[in-house]
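For reference, the structure discussed in these notes is given below.
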Amino acid sequence: MQAIETPDQQPFWRRDGARAREGAGAAEPSDLGYTLAVAFVALLPRLFVAVAWSSEPVWDGHYYHFGATRIAEGLGYSEDVTIHGHPVWKPWVHYPVGYSALLALVYRVFGSGLMVAPLVNAVVGTLLVVVAHRLARHGLSGSRARLAAGLVALHPGLISYTAAVMTEQLAALLVLAAIWGFVALRRGWVAALGGGVLLGLSVLVRPATLLMGPVLAVAGRRPYRKALAGAAGATAVAVLVVLPWTVRNCRVMDGCAFVSTNAGWNLAIGAISRTGRFEALHARDGCPVVTGQVQQDGCWMKVGLSRIIADPIAWARRVPKKLSQTYSHESFPINYLRQANPEVWSDARAQAGRDLLTWIHRLLTVIAGLCVLAFPNPRGMSRGAATLQALLALGLLTSPVWAMLAHDDAPFYVVPAALPFVALLPLPGRPRQAPVIRALLGLVAATTLTHAVFFGDDRYHLVVSPALCILAAAAWRPSSARRRVPTWDVETKALGSSARA
């Protein structure tokens, strides 16, 4: 008996007749009104945090603020060192320059008051919501894209991070903007140029985002040959954007550095750390005598590589600790605020804040894991596929994953670390992974790889928190499978419709 394929059926909560498909948002109205509305909703709490919680920058934030102040004063990315009792100008490149450069542009106009950087962060966080909405529309239906933007706008970790003079929100904005530029621009070379420029700017903020260059291939247009060519072109453009800064480093430093001189430092920490997170390096760890930042970074790179080669098993055993520090909790925003203003953030208040952020982060991550499953709708897929999807969902809902939400010692990091690989499984009836969804899963995978090699800290997962919001909005999408219906059944329904007419 001849059979034909019918379009996918919508789940029960959407009966508007619109077909759920890859890139559904592109066929709908532009929805700019909602973009502006959700941006306003996102801006208000971020402005409150910037005004009420701003304080003296601490930890790495002190150095980003200091570097921005030097650039704004016309002294370049530098510091003054005392030699024989006299201050001597010395170029600086240990930290990536991108975030400090952005702050310096604002400092030149408004000064370097303590509230200025948090206000910049409020604007960056709002733009992140805008980009998340426009990006999600290329992979989800309009209503799901709205949900994704709402999750980013109201994410408490991202809101509280507004007061931290740190790079993660700007890095997240630029890398999502790079993906958006790559998929939104129609012509291949234009997409490679636009996405590459934005990716290059993100590399100046966070060098590890260069790993997103190859990942862009999964967001490219088919055939695969063109997608790979587009990703290679975007990566080349990103390198060209960074190249002038590299030339500057080669000219003024004691050697060449692509962006910064903390790669070897971070590798050595990852090879030495017993906790999986940052631990200060000392001369006794392997670099007692250094003459410059580039030479120092090269020395620590050798130390890290030698430790890994000497005992690769011990190094591999540190990976779970690194990923646990990265994904299993969300405490850095509160810890930063408490370090900057301990009088306001008592122990009890800080602990309550950490518990809240951690619980919401874990819940969001588990829901994002549902993006690899389809809603088990027998009308839109075969009965076997619907049964499998229902069993998988039931297994997830009754698995120990949910128990991990309340237990700090549970290996919760397995959920986000395994998600990109689970998405590759050829599950019957699974939802179609749009290019945008594949790119966001690639961002999670690149982040996991980076901190498995170097060291972990929960502030680093804030770069992928907007991606997790979009993936959570993609949970339980309609299946990409098509149910095969006998021809006579379709013809009978058509005759019945004609008779009723």
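The values are calculated or read from the model by the stated rules, or taken from the named source; none is laboratory data. Keep in mind that what you see is a predicted model, and the values were worked out from it rather than measured. Every residue, glycine as well, gets a Cβ built from its backbone with ideal geometry; the counts of neighbours run over all protein chains shown.
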Revision key, fill the gap. When Val241 is run through (1) touching a residue at least 12 places away in the same chain (Cβ under 8 Å); (2) surrounded by fewer than 22 Cβ atoms within 10 Å (Cβ to Cβ); (3) under 18 Å from Ala184 (Cα atoms), the failure sits at (3)
Point to revise | Matching option when the condition is in contact with a Gly (Cβ under 8 Å, 6 or more places away or on another chain), assigned to a helix (DSSP H, G or I) and not basic (Lys, Arg), among Val106, Val38, Val49 | key: Val38
Exercise for review: Using the structure shown, decide if Ser100 is over 22 Å from Ala42 (Cβ atoms), touching a residue at least 40 places away in the same chain (Cβ under 8 Å) and crowded, with 16+ Cβ neighbours inside 10 Å.
Suggested key: no
Check your understanding: Taking segment 350-382 only, how many residues are crowded, with 21+ Cβ neighbours inside 10 Å, modelled with pLDDT under 75 and of a type in the set (Gly, Ala, Ser)?
Key -> 1
Check your understanding: Only one residue in Val129, Val109, Val116 is of a type in the set (Val, Ile, Thr), in contact (Cβ under 8 Å) with a residue 12 or more places away in the chain and surrounded by fewer than 24 Cβ atoms within 10 Å (Cβ to Cβ). Which one?
Key -> Val116
Point to revise | Positions within segment 244-255 being assigned to a loop (DSSP other than H, G, I, E, B) and either in contact with an Asp or Glu (Cβ under 7 Å, 6 or more places away or on another chain) or in contact (Cβ under 8 Å) with a residue 60 or more places away in the chain (or both), in sequence order | key: Met253
Study note, to complete from the structure: Just one listed residue, out of Ala393, Ala385, Ala417, Ala445, is in contact with a Gly (Cβ under 9 Å, 6 or more places away or on another chain), small (Gly, Ala, Ser) and either in a helix (DSSP H, G or I) or at pLDDT 75 or above (or both), and it is Ala385
Exercise for review: Determine whether Ala42 is modelled with pLDDT under 95, within 26 Å of the chain's Cα centre (by Cα) and buried (at least 20 other Cβ atoms within 10 Å of the Cβ).
Suggested key: no
Revision key, fill the gap. Here the qualifying pairs (Cβ atoms under 7 Å; residues six or more apart or on different chains; first in segment 309-333 and of a type in the set (A, V, I, L, M); second surrounded by 11 or more Cβ atoms within 10 Å (Cβ to Cβ)) come out as Val319/Ala452; Leu323/Tyr413; Leu323/Ala417; Leu323/Thr448; Leu323/His451; Leu323/Ala452; Leu323/Gly456
Review point. Only one of these conditions is not met by Pro428: (1) surrounded by fewer than 20 Cβ atoms within 10 Å (Cβ to Cβ); (2) in a loop (DSSP other than H, G, I, E, B); (3) at pLDDT 85 or above. Which number is it?
Key: (3)
Review point. Within segment 76-97, is even one residue closer than 30 Å to Ala219 by Cβ and touching a Leu at 6+ places or on another chain (Cβ under 9 Å)?
Key: yes
**Study point:** So Val218, is it of a type in the set (Val, Ile, Thr), surrounded by fewer than 16 Cβ atoms within 10 Å (Cβ to Cβ), at pLDDT below 95 and assigned to a helix (DSSP H, G or I)
**Key:** no
Point to revise | Residues within segment 334-349 that are in contact (Cβ under 8 Å) with a residue 24 or more places away in the chain and buried (at least 21 other Cβ atoms within 10 Å of the Cβ), tallied | key: 4
